[in-house]
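The values are calculated or read from the model by the stated rules, or taken from the named source; none is laboratory data. Quantities reported herein were computed from a predicted structural model and do not represent experimental measurements. Note that we place each Cβ from the backbone using ideal geometry, even for glycine, and neighbour counts take in every protein chain shown. The area values use the complete protein model at the heavy-atom level, side chains included, leaving out ligands, DNA and RNA. Shrake-Rupley method; radii C 1.70, N 1.55, O 1.52, S 1.80 Å.
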Amino acid sequence: MEKTTNKKLADLLEQIGIETRKKIYWEENIDSTQIVRTHPNKTDIAIENAKILLVEDQPSNRKTLEVYLKHKVALVDIAENGKEALELFAENSYDIILMDLQMPIMGGIEASLRIRKLEEERGTKRPVPIIAFTANYYSDDKEISIEIGMDAYLSKPFQCKTLYDLVQDYL
């Protein structure tokens, strides 16, 4: 399984033409939720002014996060898969992206790679922080997420407050 995952990742990286390696800055477990962070490149944007792209395919998870975040931030745009996220990202600017990893049509890993490639093509000076989350706790997703340039990883299930705190770390 590991070789298959790494082969798929290598093929994607080659296809998209992106190279990135981040160092894990912080790793912890809170109530069986695993959190991994790279060193935050803070924007100093107040959370109430933040524009967030939420990418989640499960309707109940999406609605819960949307309702929670809409009371805390300026804007929450919703994408149900990575393809929709990429389309929204191409048309809009966001302060942070919350990206589920396991989705139909286009998963979070591929979408994040493509977002990073778009940023590179645009000459973006400060990439948008991407926080990955997944229920696939025992996979290689944690390492792959950080390796491809995502900024943090959060395993499901998690409390909305935990995600909110993590978002604040990157704003």
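Miscellaneous remarks
- Residue match in segment 125-137 (condition: modelled with pLDDT of 90 or more and open to solvent by 20 Å² or more (accessible area, probe 1.4 Å)): yes
- Residue among Glu121, Glu110 that alone is out of contact with any strand residue (DSSP E or B) (no Cβ under 7 Å at 6 or more places or on another chain) and surrounded by fewer than 17 Cβ atoms within 10 Å (Cβ to Cβ): Glu121
- Test: residue in segment 46-53 that is at pLDDT below 95 and not in a helix (DSSP H, G or I): yes
- Test: residue in segment 69-80 that is of a type in the set (Gly, Ala, Ser), at pLDDT below 95 and under 21 Å from Lys42 (Cβ atoms): no
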